[in-house]
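The block underneath contains the structure these notes are about, expressed in structure tokens.
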Amino acid sequence: MKKFLSLMFICIFCINAVTGCSSQGKGGGGGNIRIFLTVSQADTFRTSLIEAAKKEAENIGAEFVTEDAGGVLETQVAQIKNAVKEGYDVILCNPINTDTALELEEIAGDIPIVFFNSCPDDKRLKSDKYIYVGSSEADAGRYQAEYILENSQGKDEINLVIMQGELGHSATKGRTDSLLQVLKESGKTINVVFKDTANWDQAQAKELFNIFLSTGQPYDFVASNNDSMALGVLDAYALNNINPQDVPVLGVDATADGCASIENGQMAFTVYQPAKGQGEYVIKAAAELAKGGSISGIEGATKDNKYVYVPFEKVTSSNVSQYR
């Protein structure tokens, strides 16, 4: 049922995004703030984040308009140009390509931008003007590494498979780099026996893992940058009669399907990425910047006023019921 509802939200969001979806809140605190959001391409996590942002915008009485760029950079550029033309107070942007951040900022001009879900390079951010709201990707990778090390006591050598998300996405780099750094700092010998990009996709991960299995190389853990790819690996496990208790599979996001997999004794570990919390804090930050204020008073804001971090949380069989 939860999976069905998630898919329904995606469909509703995509239909609305053809011409744009507008929400006008009735609460107080937002004044006449007008907020425009462009998402690179709707998926389950981003749709949940946007739904939370919409509710928070309504709570503060802000106008909130969303559009889906459909994965096309030219479309996202056109959306931001139109937002400038229409006189929005702040732009929320999930960039299709973080390398275009400078271009998007130039187009926005004096209008502040709150980036979310994919973080541009730090040098493209500016205190209280061009900021990022999300969870620290390094923490997700660190948590995976800590799980692996806790379950490798007595082993001096670890053979690791890594399923990466979309190349160029800040989460892919942040999660993978941190995972490897923490593992290597343990002093153990870390052999990455297979690492490839499945673009966050379950079917691609299944196909890639089947290719890896054909090599016959030994492996001790599979660390995926998200739950969907972890589930794809587990699909390959089922096809090849591999017991997930023998070789643990790790994910990130704590999606409904990921949590169900943990409850069913399949996936060993995931990291909860709070879509609702991120959506709420995107709007909190936007409201401050739209008024010419500072994010310094927002919980999770960094000292340089460039980031607002919403914490990740570890999820195992012992606490997964809290996330269902």
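The values are calculated or read from the model by the stated rules, or taken from the named source; none is laboratory data. This one's a predicted model, so the numbers in the text were calculated from it and none came from an experiment. Here the Cβ is made from the backbone with ideal geometry for all residues, glycine too, and neighbour counts use every protein chain on show. What goes into the accessible areas is simple: the full protein's heavy atoms, side chains included, and nothing from ligands, DNA or RNA. Shrake-Rupley method; radii C 1.70, N 1.55, O 1.52, S 1.80 Å.
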Checklist outcome for this item: Residue-normalised value, i.e. accessible area per residue, for the chain at 1.4 Å probe, in Å², stands at 44
Checklist entry - Where the accessible area of the chain is counted over protein heavy atoms with a 1.4 Å probe, how much of it, in %, is carbon and sulfur? => result 47
Item to check | Pair K303, N59: separation of 7 Å Cα→Cβ label points (nm) | outcome: 3.0
Checklist entry - Accessible surface of Y307 in the full protein assembly, 1.4 angstrom probe, to the nearest 10 Å²? => result 30
Next on the checklist: Rg/Rh for segment 155-222 to two decimals, with Rh computed the Kirkwood way over all alpha-carbon pairs.
Outcome noted: 0.98
Next on the checklist: Could you identify which residue out of G154, G87, G297 has the top mean-square fluctuation in a GNM of the chain using Cα springs shorter than 10 Å?
Outcome noted: G154
Checklist entry - Using a 1.4 Å probe, how large is the accessible area of C119, given in Å² and rounded to the nearest 10? => result 30
Checklist outcome for this item: Listed residues V65, V133, V252; largest mean-square fluctuation, Gaussian network over the chain with Cα springs below 10 Å, found at V65
Checklist entry - So how strong a dipole does segment 219-324 carry about its Cα centre when Lys and Arg Cβ are +1 and Asp and Glu Cβ are -1, to the nearest 20 debye? => result 460
Item to check | Taking the chain and dividing mean pair separation by its residue count, relative contact order in percent (alpha carbons under 8 Å, at least six apart) | outcome: 17
Next on the checklist: Show me, bin by bin at 10 Å from 0, the whole-percent P(r) of the chain based on Cα pairs.
Outcome noted: 6, 26, 32, 22, 11, 3, 0
Checklist outcome for this item: Between the modelled labels at N264 and Y323 (7 Å from Cα along Cα→Cβ) the distance in nm is 1.7
Checklist entry - Suppose R0 equals 35 Å; then what is the FRET efficiency for L167 and N32 from their Cβ-Cβ distance, rounded to the nearest 0.05? => result 0.30
Checklist outcome for this item: Interchain or sequence-distant (5+) residues whose placed amide H lies within less than 5 Å of the amide H of H169 are none
Checklist outcome for this item: Percent of all Cα-Cα pairs per 5 Å bin for segment 240-279, counting from 0 up to the last occupied bin, reads 6, 24, 28, 18, 13, 6, 3, 2
Checklist outcome for this item: With the 8 Å Cα cutoff and a minimum separation of six or more residues, segment 221-324 has a relative contact order in percent of 25
Checklist outcome for this item: Between L92 and residues 5 or more places away or on another chain, the pairs with built amide H atoms under 5 Å apart involve F36, L37, T38, V114
Next on the checklist: How large is the accessible surface of S214 in square angstrom, using a 1.4 angstrom probe and rounding to the nearest 10?
Outcome noted: 100
Next on the checklist: Give me, ordered by chain and number, the residues 5 or more places off I33 or on other chains with an amide H under 5 Å from its own placed amide H.
Outcome noted: E63
Item to check | Inter-label distance, nm, simple model (7 Å from Cα along the C-beta direction), T316/Q217 | outcome: 2.8
Checklist outcome for this item: Length gained if N241 through S296 is fully extended, taking 0.36 nm per residue and subtracting the Cα-Cα distance, is 14.6 nm
